[in-house]
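Remarks on the structure that follows.
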Amino acid sequence: MLKTLAISNYRSLQEIVMPLERLNLVTGGNGSGKSNIYKALRLLAETASGGVISALAKEGGLESTYWAGPKAITNAMRRGDVDIQGNQKIGNKRLKLGFASDDFGYSVALGITPPVPYPSAFNLDPEIKRESIWQGNHYRPASALVERKDAMVKVREGRKWQVVNQHVPMYESMFTQVADPSKAPEVLAMREYVKNWRFYDHFRTDVDAPARQPQLGTRTTVMSHDGSDLAAALQTIIEIGDEAGLNEAIDQAFPGANIAIKVSEDGLFSLLFQQHGLLRPLTGKELSDGTLRFLLWVAALLTPRPPSLMVINEPETSLHPDLLPALAKLIIKASQSTQVWVVSHSDTLISELQYHGECHCIQLDKQFGQTLIQGQDLLTTPSWHWPS
Ligand SMILES: Nc1ncnc2c1ncn2[C@@H]1O[C@H](COP(=O)(O)OP(=O)(O)O)[C@@H](O)[C@H]1O
Ligand SMILES: [Mg+2]
């Protein structure tokens, strides 16, 4: 289980170290940085699958994702005696992301490429400058197991270090380059752990949404991010998963309703939703946005193969408040078999989660443009050191 998440220099998250529990609920006003934390977690996951650089490019490049404030806000700046002004050179700036469980931790630092002396279209590409894997809940040089500095990766072997790769491209994570189970088993284990994280963000429910279309189905223990395999995922839950939980969730949300999956002769799976009072079931195309979205959450949260971490962003979006108690129940249930991270600003969902679950609430606040965790002090901040 993830115990600590640390982010430095990413958008409004200038420096944040966050303790985590089984069920985590991130709340806060508009613009407090909730989505920034979600995106930072996604970037960490992209690192493991080798896509961090293109993910950053899609966000407008590293330069735009850097914390836009000064490195330090001095007391004089706070009082307003002097203007807020920058005090760090671009070349030294790093975007840093890291996490730790009780046993292991990982961190990555990204920076801008020094301009090459010839004309290049890639002059603003970020580079991976530093990566580390260590033993224990925070980094110490003595507990490091794998260190990457620029293009070189070395692995601890007893009291010595062994270089396993000297030519890791600066735009690639060591996860994609050093995954030899005999030389660096820690890299492989960490990569598999992070690759297993699952993210669900605003599902599409417009008329052309993939979730509304009949789809070829195979056993689907993990619903895709866009919900295109919704029918197959629900059928899998019915056959090998928590069918009782599925029926209970649907009955709580839509009393008297139930679902069935129709499989056509050519193998297309489609969803049928039988509602109390109607003479025939509705098909995926006919469902209301809210109903479809609720069914997507059911399929995501009742997965028969729980991930190591499930991150869900504003699941309340376009759901009727009546559905939120049933949604909260599903989230709490999911947290019994996986670590869950919910970003929400729905008061109903928040109070349902707090009332019924053992929920770790992280309330965000913003001061001088910087996201802070409300009520956090030195005692409640987990130990964290970035590799130098
Ligand atoms: N590069 C940046 N540096 C500092 N702050 C930023 C940067 N990019 C975005 N922000 C701030 O992040 C905030 C948006 O945070 P977001 O996580 O989307 O909020 P919400 O909590 O509503 O999801 C905006 O208010 C903006 O001021
Ligand atoms: Mg947001």
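Taking only the C-alpha atoms of segment 70-184, the Rg (one decimal) and the largest Cα-Cα distance, Dmax (whole number), read 18.0, 59 Å.
Spin-label model, Asp206/Ser49: points 7 Å from Cα along the beta carbon direction are separated by 2.3 nm. The GluC sites (Glu not before Pro) found in segment 11-111 that occupy coil by DSSP, while having at most 15 further C-beta atoms within 10 Å, are Glu59. Our summary gives the chain a relative contact order of 21 percent, counting only alpha carbon pairs under 8 angstrom and 6 or more residues apart. If both residues of a DSSP beta bridge must be in the chain, then about 75% of such bridges are antiparallel. Full extension of the chain segment joining Glu63 with Gln376 gains 109.8 nm, where the gain is 0.36 nm per residue of separation less the Cα-Cα distance. Just need log10 I(q)/I(0) for the chain at q = 0.10, 0.12, 0.13, 0.15 Å⁻¹, Debye formula, equal scatterers on the alpha-carbon atoms, no solvent, rounded to two decimals. For the requested q values the scattering log ratios are -0.73, -1.00, -1.12, -1.32. Rounded to the nearest 5, what is the percent of antiparallel bridges among the DSSP beta bridges in segment 300-388? Approximately 45 percent, going by the DSSP bridge assignments. Working from Cα pairs under 8 Å separated by at least six residues, relative contact order for segment 205-295 is 27 percent. Taking all C-alpha pairs of segment 11-51, those more than 16 Å from each other amount to 45 percent. For segment 279-286, putting each phi into the Karplus relation 6.51 cos²θ - 1.76 cosθ + 1.60 with θ = phi - 60° gives couplings of 7, 9, x, 8, 8, x, 5, 9 Hz, in residue order, rounded to whole numbers and with x for Gly and Pro. Computed from backbone phi, the HN-Hα couplings of segment 197-213 come to 5, 10, 10, 10, 10, 1, 6, 6, 9, 5, 4, 8, 4, x, 5, 8, 8 Hz, rounded to whole numbers (Karplus: 6.51 cos²θ - 1.76 cosθ + 1.60, θ = phi - 60°; Gly and Pro given as x). At most 14 other C-beta atoms within 10 Å and a DSSP loop state: those are the exposed trypsin sites (Lys or Arg not before Pro) I care about. Give me the longest piece of the chain that has none. It runs 220-388.
Applying the Karplus relation 6.51 cos²θ - 1.76 cosθ + 1.60 with θ = phi - 60° to segment 361-375 yields 3J(HN,Hα) values of 9, 10, 9, 9, 9, 10, 10, 6, x, 10, 6, 10, 8, 4, x Hz, where x marks Gly and Pro. Dimensions of segment 271-388 based on its C-alpha atoms, expressed as ranges along the principal axes with the largest first, amount to 64, 32, 28 Å. If you average the C-alpha positions of segment 352-388 and of segment 181-215 separately, how far apart do those two centres end up, in angstrom? Result: 26 Å between the Cα centres. Specify whether the C-alpha gyration tensor of segment 136-282 places it in the rounded, prolate or oblate class, a ≥ b ≥ c being the square roots of the eigenvalues: rounded for a/c under 1.5, otherwise prolate if a/b is larger than b/c and oblate if not. Because a/c hits 1.5 or more and a/b exceeds b/c, segment 136-282 counts as prolate. Its DSSP H runs of at least 4 residues, each contributing -39,500 (n - 2.57), put the calculated 222 nm mean residue ellipticity of the chain at -7500 deg cm²/dmol, to the nearest 500. Residues with beta-carbon under 11 Å from that of Ala326, excluding Ala326: net charge, scoring Lys, Arg +1 and Asp, Glu -1? Here the charged neighbours net out to -2.
Potential lengthening of the chain between Gln354 and Met1 amounts to 125.0 nm, from the contour at 0.36 nm per residue minus the alpha-carbon distance. Sorted largest first, the spans of the alpha carbon positions of segment 1-154 along the three principal axes are 45, 45, 31 Å.
Once the piece of chain linking Gln213 and Thr317 is laid out straight, how much longer is it, given 0.36 nm per residue of separation minus the C-alpha distance between them? Stretched out fully, the Gln213 to Thr317 stretch lengthens by 35.3 nm. Among the chymotrypsin sites (Phe, Trp or Tyr not before Pro) found in segment 282-388, those both in a DSSP coil and sparsely packed, with 15 or fewer other Cβ atoms within 10 Å of their Cβ, are Phe368.
Once backbone amide H atoms are built at 1.01 Å from N, Lys129 has Ala109, Leu110, Gly111 as its partners under 5 Å, excluding neighbours fewer than 5 places away on the same chain. Amide H contacts for Leu145 (H built 1.01 Å from N in the peptide plane; partners 5 or more residues away or on another chain; cut-off under 5 Å): Ile133, Trp134, Gln135. Shape descriptor for segment 205-295: Rg over Rh equals 0.93 (Cα atoms; Rh from the Kirkwood inverse mean 1/r).
Taken together, the values in this text are just the output of simple stated rules run on the coordinates, not laboratory data. None of the values given here were measured: they were computed from a predicted structure. We place every Cβ from the backbone using ideal geometry, glycine too, and count neighbours over all the protein chains shown.
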